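Heads up, the thing below is written out as structure tokens.
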Amino acid sequence: MQPLTAEEIRRSFVNSSKSLVKAMTLPRGFAELPWDSLDYLGWRDPKAPNRGYLVVRRDGGVTGIALNTQATGKPRRGTGLCDLCYTAHQVTDVALFAARRAGAAGREGNTVGLYICADLACSLYVRGLRDVDVPQGETASPEIRAERLHSRLEGFVNRVLA
Ligand SMILES: [Zn+2]
């Protein structure tokens, strides 16, 4: 993706309050991020570990979505699949995130839930740039996987905006 500026990111959020955006911590090493290998910019908030952010360039601009996850505290075992990139992980490396829906629906408490790579690094997994420690069922090429990631991401963003 084309690099984003801090200003673009802060302006992009469709489902969070101004105060949350103000309190948000941007990813570290922002200027040196591997933008060419990113389909979306995703990160966990180092100061608020239950919060994550996902920012994507789409036709007509930049869309940012704030996510929340809850640590269950229960030990979990087995493997889980990311709903966006279909990477298989140890179940502790995939997290159930909830995105408040934009507008009135969100104010009424409606959310969209999705299992996503806990570090929000789908783009790196589909390109083989970050290792996973469980066998993968997916055999498609990185290009195909990135394309599929794009369309699932678009579907997710549309559900949040709908
Ligand atoms: Zn993923």
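Two decimals is fine: what is log10 I(q)/I(0) at q = 0.14, 0.16, 0.23 Å⁻¹ for the range 88-162, from a Debye sum with one equal scatterer on every Cα and no solvent?
Treating every Cα as an identical point scatterer, log10 I(q)/I(0) equals -0.53, -0.67, -1.09.
Report the full-extension gain for the segment GLU32 to GLN136: residue separation times 0.36 nm, less the Cα-Cα distance, to one decimal in nm.
So the extension gain works out to 34.5 nm.
Hey, with R₀ at 25 Å, roughly what FRET efficiency would ALA105 and VAL21 work out to, going by the Cβ-Cβ distance, to 0.05?
0.85
Using the basic label-point model (7 angstrom from Cα toward the beta carbon), what is the GLU143 to GLU8 distance in nanometres?
In this crude spin-label approximation the distance works out to 2.5 nm.
Could you estimate the translational diffusion coefficient of the range 62-118 from the Stokes-Einstein equation, with Rh from the Kirkwood formula over C-alpha pairs, at 10 °C and 1.306 mPa s, in whole µm²/s?
128 µm²/s
In whole percent, and with a 1.4 Å probe on the protein chains, what portion of the accessible area of the range 6-161 is carbon and sulfur?
49 percent
Can you pull the percent of Cα pairs in the range 17-94 with separation above 18 Å?
Roughly 54 percent, rounded to a whole number.
Under 5 Å between amide hydrogens, which residues at least 5 positions from ASN110 or on another chain qualify, with H placed 1.01 Å from N in the peptide plane?
ARG101
Restrict the search to the range 1-58; then list the trypsin sites (Lys or Arg not before Pro) that DSSP places in a loop and that have at most 10 other Cβ atoms within 10 Å of their Cβ.
The qualifying sites are ARG28, LYS47.
At 1.4 Å probe size, what's the solvent-accessible area of ASP119? Round to the nearest 10 Å².
In the full protein context, ASP119 sits at about 60 Å².
Restricting to Cα pairs below 8 Å that are 6+ residues apart, what does the relative contact order work out to for the range 34-162? Please round to a whole percent.
Here the relative contact order equals 23 percent.
Once the principal axes of the Cα atoms of the chain are found, what is the range along each, listed largest first in whole angstroms?
41, 38, 30
The values are calculated or read from the model by the stated rules, or taken from the named source; none is laboratory data. None of these values were measured; they are calculated from a predicted model. Please note: Cβ atoms are built from the backbone with ideal geometry, for glycine as well, and neighbour counts cover all protein chains shown. Keep in mind that these areas ignore ligands, DNA and RNA; they rest on the heavy atoms of the full protein, side chains included. Shrake-Rupley method; radii C 1.70, N 1.55, O 1.52, S 1.80 Å.
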